[in-house]
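Engineer: Just passing along the structure, written as structure tokens.
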Amino acid sequence: MHPCLSCGACCTQYRVSMHWMETDECTPGGVPAALTERLDAHRLCMRGTRSLPVRCVALDAEIGVRSRCTIHPQRPSACREVDASWEHGAPSPQCDRARLAHGLPVLTPRDWAWRDDVANDDRPDEGDDSPPPPSRPPVAA
């Protein structure tokens, strides 16, 4: 299981701000504007992340036990840019600080071993969202 699905700590530690054009009022499929509040003339933030205690309105979690973002496909760019530590081969200071603030251990490369095991099995993934192979360019006559 992806470590973020049993964490959620980052959603309770940081203000999540974005340009107003990221919302669904301007961009189809964007961040639900109803879940944001004005930060300044050009930026909004997710409700719940501007004041203490921080807890994003889109978070459905028991920190350290279960976690999910209720708008994950429409989450802001700020959220998309925070990697879990070692998810892509490097530590993430933001992830580490958030986990430590909740008394959770920081993630290590070992926390991603499940992914290596799954990637090397002989079974095709169910629901594989891999893009189709590129088509060949047309042959000139």
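Engineer: For segment 22-56, which positions are of a type in the set (A, V, I, L, M), more than 14 Å from Ile71 (Cα to Cα) and open to solvent by 50 Å² or more (accessible area, probe 1.4 Å)?
Structural biologist: Ala41, Leu52
Engineer: Could you go through segment 86-101 and let me know if any residue there is more than 14 Å from the chain's Cα centre (by Cα) and of a type in the set (Asp, Glu).
Structural biologist: Yes, segment 86-101 contains a residue that is more than 14 Å from the chain's Cα centre (by Cα) and of a type in the set (Asp, Glu).
Engineer: Being over 22 Å from Asp40 (Cβ atoms) and exposed (fewer than 13 other Cβ atoms within 10 Å of the Cβ): is that true of Ala90 here? Talk me through it step by step, then tell me what you get.
Structural biologist: Working: over 22 Å from Asp40 (Cβ atoms): yes; exposed (fewer than 13 other Cβ atoms within 10 Å of the Cβ): yes.
When the stated conditions are applied, Ala90 passes them.
Engineer: Considering only residues that are touching a residue at least 40 places away in the same chain (Cβ under 8 Å) and of a type in the set (Lys, Arg), which ones fall in segment 22-62?
Structural biologist: Residue satisfying the conditions is Arg55 alone.
Engineer: Which condition number does Met1 fail, the rest of (1) at pLDDT 95 or above; (2) in a loop (DSSP other than H, G, I, E, B); (3) open to solvent by 80 Å² or more (accessible area, probe 1.4 Å) being met?
Structural biologist: All conditions pass for Met1, except number (1).
Engineer: Out of everything in segment 12-21 that is touching a residue at least 24 places away in the same chain (Cβ under 8 Å) and more than 13 Å from Ser51 (Cα to Cα), what residue ends up being surrounded by the most Cβ atoms within 10 Å (Cβ to Cβ)?
Structural biologist: Met18
The values are calculated or read from the model by the stated rules, or taken from the named source; none is laboratory data. Predicted model only: the values in this text are computed from it and were never measured. Cβ sites come from the backbone with ideal geometry, for glycine too, and all protein chains shown count toward neighbours. Areas reflect the complete protein model, heavy atoms only, side chains present, ligands, DNA and RNA absent. Shrake-Rupley method; radii C 1.70, N 1.55, O 1.52, S 1.80 Å.
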